[in-house]
Amino acid sequence: MPEWKTIIEPFRIKSVEPVRMTTPEERQGKLEAAGYNIFNLHSDDVLIDLLTDSGTGAMSSAQWAGIQRGDESYAGSPSWYRFLAAVQDLFPFRHVIPTHQGRAAEKILFTVVGGPGRVVPSNTHFDTTRANVEHSGAEAVDLVIEEGRHPATLHPFKGNVDVEALDALIRERGPRNVPLVMVTVTNNSGGGQPVSLENLRAVREVCDRYGLPLFLDACRFAENAWFIKQREPGYADVPVREIVRQMAACADGMTMSAKKDAIANIGGWLAMNDDAWAEQCRNLLILTEGFPTYGGLAGRDLEAIAQGLSEVVEEDYLRYRIRSTAYLGEALVSSGVPCVRPIGGHAVYLDAAALLPHIPALEYPGQALAVELYRMGGIRGCEIGTVMFGMHPDGTETPAAMELVRLAIPRRVYTQSHIDYVIEVVRAVAARASGLRGMRIVEQPAALRHFTARFEPIVQAGTFGPPG
């Protein structure tokens, strides 16, 4: 088949949901009422919602049919066994513990293995992972390769772990103080960048050297596998399912949000091979989530996840998914908008530090950019920078390594014309970037502040007043 330029969705639209149009003046009022925090906006007031790809995808007709089939027996439901079989087909770990979403799996895991004096290394921990590690009293350390710290640097696997730094950290802290090593695939906080199988195997060798378990934060495992197929020598003809199994074979366990690469609206799981850890985790599950064969989920949710795991590794779907994300990123890069490159799998990450060099990191350029994208075009993105990662457990604040705004694309939701509109809006915002001003926080919680903090614009001599 020729390689056509037009990206077509490998599905037909069967049901539609109306989008309410708004004006910039209306959106300015909504921002003021929300304390300039895009998480506080009503979703009805958002035209294109790229806040997250987590739980926001469109389920297939087969998934909706599975929901009708869902069995709600408290224990031993047939829906549980279909879910279990689907998970273990891709990730053959001995113990699979369902949870209501990924952060619940993280909470249970790090309650069992974390604690004061311990350190959990990763390529880059995402926000809830870091928060759950730190809530246990342990320290979360990021060890992504140097290329992964620079948005404009080109590298096929910028999510890779710096293996030498990992070895040095383990020797410095002592293996007994490292309960496990975690690798996030794809690396969300680093721009949705993939991890190679070669790197996973190198991390596995380090773990074996010190007798440590390796866990995957596998939320976007299928997208990572597709990048391996496309970019890693020797895998072009290997089926995605087999690549996923090879990724799993490197690990001793995983946490998973089924709201990403299981294309479900809720759900997750924790899986592992260690019998003793699994027993402790199941005890916590019963205490906090539910019985081990439903784990806080309805039977219908288990059915939707099982079907989604089958659909997400279909190569026609993955080809469309990754190519349509690249379509957005390539259009912005060609217009001179600084983005994390190469373009990631689930999102395009705007480099707010490069676009807004006049705004200091502690005046939150990512937040300023996210606010303006909504005000000008009704697009809701997500700051991934100092607001999200700058606050430390002791209350001090330092600039994050990168100041990004993530435009995360929900699975099977938006058409190419929606994305063309996003391109227009981002270009328009970039054209007036020099006039944007920073933000200050006026109210914030002690942890995960980006979800609920309230902001106000900084008005200084030489800066613009209220946008208009």
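The values are calculated or read from the model by the stated rules, or taken from the named source; none is laboratory data. Here the structure is a predicted model, which means the values were calculated and not measured. A quick note on method: Cβ atoms are made from the backbone with ideal geometry, for glycine too, and the neighbour counts reach across all protein chains shown. Surface accessibility is based on the protein's heavy atoms, side chains included, excluding ligands, DNA and RNA. Shrake-Rupley method; radii C 1.70, N 1.55, O 1.52, S 1.80 Å.
If you go through region 16-32 and keep only what is open to solvent by 100 Å² or more (accessible area, probe 1.4 Å) and free of Cβ contacts under 8 Å to residues at least 12 places away in the same chain, you end up with VAL16, GLU17, PRO18, GLU25, GLU32.
Against the definition (modelled with pLDDT of 95 or more, open to solvent by 20 Å² or more (accessible area, probe 1.4 Å) and in a helix (DSSP H, G or I)), how does ALA85 come out, yes or no? Yes; evaluated as a whole, the condition is true for this residue.
Taken as a whole, region 153-162 holds at least one residue that is under 27 Å from ALA278 (Cα atoms), at pLDDT 95 or above and crowded, with 23+ Cβ neighbours inside 10 Å. May I ask you to verify whether GLY35 is open to solvent by less than 60 Å² (accessible area, probe 1.4 Å) and assigned to a loop (DSSP other than H, G, I, E, B)? So GLY35 fits the description; yes.
Scanning region 115-135 for residues that are within 17 Å of TYR210 (Cβ to Cβ), open to solvent by less than 10 Å² (accessible area, probe 1.4 Å) and either assigned to a loop (DSSP other than H, G, I, E, B) or among the small types (Gly, Ala, Ser) (or both) gives a single hit, SER122. Out of everything in region 385-400 that is buried (at least 21 other Cβ atoms within 10 Å of the Cβ) and touching a residue at least 60 places away in the same chain (Cβ under 8 Å), what residue ends up being farthest from the chain's Cα centre (by Cα)? It comes out as VAL387. Quick check, is TYR327 buried (at least 22 other Cβ atoms within 10 Å of the Cβ) and at pLDDT 95 or above? No: the conditions fail for TYR327. Cβ-Cβ distance below 6 Å, separation of 6 or more or different chains: which pairs start in region 49-63 with a residue that is in contact (Cβ under 8 Å) with a residue 40 or more places away in the chain and among the polar types (S, T, N, Q) and end on one that is open to solvent by 20 Å² or more (accessible area, probe 1.4 Å) and assigned to a loop (DSSP other than H, G, I, E, B)? So the pair list comes out as SER54/LYS259; SER54/LYS260. Residue count for region 266-324 satisfying the condition of being under 23 Å from GLN63 (Cα atoms), of a type outside the set (Val, Ile, Thr), in contact with a Leu (Cβ under 9 Å, 6 or more places away or on another chain) and in a helix (DSSP H, G or I): 3.
For GLU172, the conditions (1) within 22 Å of ARG411 (Cα to Cα); (2) acidic (Asp, Glu); (3) free of Cβ contacts under 8 Å to residues at least 40 places away in the same chain are fulfilled apart from (1). Can we say ALA258 is open to solvent by less than 40 Å² (accessible area, probe 1.4 Å), out of contact with any helix residue (DSSP H, G or I) (no Cβ under 9 Å at 6 or more places or on another chain) and small (Gly, Ala, Ser)? Taking the combined requirement at face value, the residue does not satisfy it. Summed over region 342-382, the residues that are farther than 17 Å from ILE441 by Cβ and β-branched (Val, Ile, Thr) give a count of 3. Out of everything in region 300-323 that is of a type in the set (Val, Ile, Thr) and within 11 Å of ALA262 (Cα to Cα), what residue ends up being surrounded by the most Cβ atoms within 10 Å (Cβ to Cβ)? The extreme case among them is ILE305. Of a type in the set (A, V, I, L, M, F, W, C), at pLDDT 95 or above, surrounded by 22 or more Cβ atoms within 10 Å (Cβ to Cβ) and more than 29 Å from SER189 (Cβ to Cβ), is that true of TRP80? Taking the combined requirement at face value, the residue satisfies it.
Of the residues in region 347-367, how many are surrounded by fewer than 19 Cβ atoms within 10 Å (Cβ to Cβ), free of Cβ contacts under 8 Å to residues at least 60 places away in the same chain and not aliphatic (A, V, I, L, M)? Here the count works out to 1.
Is there a residue being open to solvent by 10 Å² or more (accessible area, probe 1.4 Å) and either among the hydrophobic types (A, V, I, L, M, F, W, C) or part of a loop (DSSP other than H, G, I, E, B) (or both) anywhere in region 225-232? The answer is yes, given that some residue of region 225-232 is open to solvent by 10 Å² or more (accessible area, probe 1.4 Å) and either among the hydrophobic types (A, V, I, L, M, F, W, C) or part of a loop (DSSP other than H, G, I, E, B) (or both).
Do you know which residues across region 409-435 are more than 23 Å from THR52 (Cβ to Cβ) and surrounded by 19 or more Cβ atoms within 10 Å (Cβ to Cβ)? The one that is more than 23 Å from THR52 (Cβ to Cβ) and surrounded by 19 or more Cβ atoms within 10 Å (Cβ to Cβ): ALA433. Out of the residues in region 137-146 that are over 18 Å from the mean Cα position of the chain (by Cα) and open to solvent by 30 Å² or more (accessible area, probe 1.4 Å), state the one that is farthest from THR52 (Cα to Cα). Looking at residues that are over 18 Å from the mean Cα position of the chain (by Cα) and open to solvent by 30 Å² or more (accessible area, probe 1.4 Å), I get GLY137. Remark: pairs (first residue in region 406-428, at positive phi; second residue buried (at least 19 other Cβ atoms within 10 Å of the Cβ); Cβ separation under 7 Å; 6+ apart in sequence or on different chains) = ARG412/GLY57. Tally time: how many residues in region 179-224 are among the aliphatic types (A, V, I, L, M) and either open to solvent by 10 Å² or more (accessible area, probe 1.4 Å) or not in a helix (DSSP H, G or I) (or both)? Matching residues across region 179-224 total 11.
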